[in-house]
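Accompanying notes for the structure given below.
The values are calculated or read from the model by the stated rules, or taken from the named source; none is laboratory data. Quantities reported herein were computed from a predicted structural model and do not represent experimental measurements. Glycine gets a Cβ as well: all are built from the backbone with ideal geometry, and neighbour counts include every protein chain shown. Accessible surface is based on the protein model in full, side chains and every heavy atom, while ligands, DNA and RNA are left aside. Shrake-Rupley method; radii C 1.70, N 1.55, O 1.52, S 1.80 Å.
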Amino acid sequence: MNKTILITGASRGIGYETALRLASQNHTVIATARSEDKLVELANSADPGKIIPVKADLTLETGIQKLADSVSKFESLDGLINNAGAVHRESFMDTDLSVFQELMDINVYSIVRLIKALKHKLGNGSHIVNISSMSGYQGSLKFGDLSAYGAAKAAVVGLSEVLSAEFTDDGISVNCLCLGAVQTEMFAEAFPGFEAPVSPQQMGTYIANFVLTAHQFYNGKVLPVALNDPG
Ligand SMILES: NC(=O)c1ccc[n+]([C@@H]2O[C@H](COP(=O)([O-])OP(=O)(O)OC[C@H]3O[C@@H](n4cnc5c(N)ncnc54)[C@H](OP(=O)(O)O)[C@@H]3O)[C@@H](O)[C@H]2O)c1
C-alpha cells in the first residue's frame with residue numbers, strides 16, 4: 001500500500017536518506033528543510049512525484065503553515081518523522097541561555113508546532129516517529145559540552161511518551177528513536193575527528209522501515225538505536 005509520509009530535516013544526512021528509501025519503496029514523501037536546492041536535488045533523485053519538496057523553517061509559523069497547506073492536498077498522513085535538529089557543542093558555563101532556547105526551539109518546539117498543525121490529518125493507524133539522541137536517553141554514557149543538545153533531546157523523549165498516551169484513542173502511535181553516532185555533518189560538528197560506525201544510508205533504511213511497520217509492535221516506546229559510541 002502506498003503511504004504518505006512527511007519527514008523533516010530532509011535536505012541532508014539521515015533525513016535525506018530516509019526520504020530516498022521511502023520513495024524507492026513507492027511511498028509518497030513530503031520532504032522539508034530550509035535548503036531548497038538540496039530538497040530539489042533529493043526530489044530529482046527519486047521517481048517523478050514521489051518526493052514533494054517543501055522549503056520551510058520549522059521555527060517559524062509561516063513555515064509550519066506552508067507544510068500544513070502541502071499536507072492539506074492529501075486525504076491523510078500515514079507517517080510523520082520529526083527528524084530535523086541542531087547541535088551545539090560548548091562547555092555548560094560558556095553556553096548562553098539563548099543557545100538553550102534556540103536548541104529547544106528547533107529540536108523540541110518544532111515538533112510541538114508541527115504535530116499541532118497536522119494532527120487532524122493523522123488518522124487511525126498512523127505513526128509519529130520522533131528522532132532523539134543517546135544524549136537524551138536516560139542512563140546512557142554522556143559526553144560533556146552538549147548540555148543544550150542533551151536537554152533538548154531528553155525533552156523529545158518526554159514529549160513522545162506523553163503524546164503516545166494522549167493519542168491512543170485516536171489510533172495514532174508515537175515512538176521515539178534515540179540514535180547513536182551516524183556519520184553526518186551534525187556528527188562531524190559535534191565530534192570532530194571521530195568516525196561513526198553507521199552511515200546515513202544505513203540509518204535511513206532503518207528509520208524508513210520503522211515508520212512503515214513498527215507501530216504494529218510498539219507505542220510509546222523510547223528505543224536506543226546505538227552501538228557504544230558518542231551520539
Ligand atoms: N548524526 C548523528 O550522529 C545523530 C546522533 C543522534 C541523533 N541524531 C539526530 O538525528 C537527526 C538528524 O541528524 P543528522 O545528523 O542527519 O543532522 P544534519 O545532517 O545536521 O541535518 C539536520 C537537518 O535538520 C534541518 N534543519 C535544521 N534546522 C532547521 C530549521 N530551523 N527548520 C527546518 N529544518 C531544519 C537541516 O536542514 P536545513 O539546514 O536545510 O534547514 C537538515 O536537513 C537530528 O534530530 C539529530 O539530532 C543524529
Taking only Cα atoms and a 10 Å spring cutoff, compute GNM fluctuations for the chain and point out the largest among ASN82, ASN44, ASN130.
-> ASN44
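Rounded, prolate or oblate for the stretch 127-231? Axes are the square roots of the Cα gyration tensor eigenvalues, ordered a ≥ b ≥ c, and the cut-off for rounded is a/c under 1.5.
oblate
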What helix-only [θ] at 222 nm does the chain give? Using -39500 (n - 2.57) per DSSP H run of at least 4, over all residues, to the nearest 500, the answer is -12000 deg cm²/dmol
Given charges at Cβ of Lys, Arg, Asp, Glu: the stretch 4-225 dipole, positive-most of LEU103, HIS88, ILE131 = ILE131
Using a 1.4 Å probe on the protein chains only, how many percent of the accessible area of the stretch 4-225 belongs to carbon and sulfur?
-> 51
Value of D in µm² per second that Stokes-Einstein yields for the stretch 4-225, Kirkwood Rh from Cα pairs, at 25 °C (0.890 mPa s) = 142
Of every Cα-Cα pair in the stretch 144-206, the percent that sits beyond 17 Å = 56
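Hey, if we sort HIS88, HIS127 by accessible area with the 1.4 Å probe, largest down, what's the order?
Numbers: HIS88 50, HIS127 0 Å².
Sorted by accessible area, descending: HIS88, HIS127.
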VAL225's amide H: which non-local residues (gap 5+, or another chain) put their own amide H closer than 5 Å, with H modeled 1.01 Å from N in plane and none for Pro or chain starts?
-> CYS178, LEU179, GLY180
Relative to the present Cα-Cα distance, how much length would full extension add between LEU60 and VAL99 at 0.36 nm per residue of separation?
-> 12.3 nm
Sequence-distant residues sharing a close amide H with ALA10 (under 5 Å, placed H) | THR32, ALA33
Measuring from its Cα centre, the chain shows a charge dipole (+1 at each Lys and Arg Cβ, -1 at each Asp and Glu Cβ) which, in debye to the nearest 20, is 540
How large is ³J(HN,Hα) for each residue in the stretch 44-58, as worked out from phi by the Karplus curve 6.51 cos²θ - 1.76 cosθ + 1.60 (θ = phi - 60°), to whole Hz, x for Gly and Pro?
-> 6, 7, 10, 4, x, x, 7, 10, 9, x, 10, 6, 7, 9, 6
Residue pairs, from the table LYS3/LYS116; LYS50/LYS153; LYS50/LYS119; LYS116/LYS142, whose Cα atoms sit over 27 Å apart = LYS50/LYS153; LYS116/LYS142
Step through the residues of the stretch 147-153 one at a time and calculate ³J(HN,Hα) from phi using the Karplus curve (6.51 cos²θ - 1.76 cosθ + 1.60, θ = phi - 60°), rounding each to whole Hz and writing x for Gly and Pro.
-> 5, 5, 5, x, 5, 5, 5
How many Å² of accessible area per residue for the stretch 4-225, probe 1.4 Å?
-> 45
How far is helix 13-24 tilted off the main Cα axis of the chain, in degrees rounded to 10, range 0 to 90?
-> 20
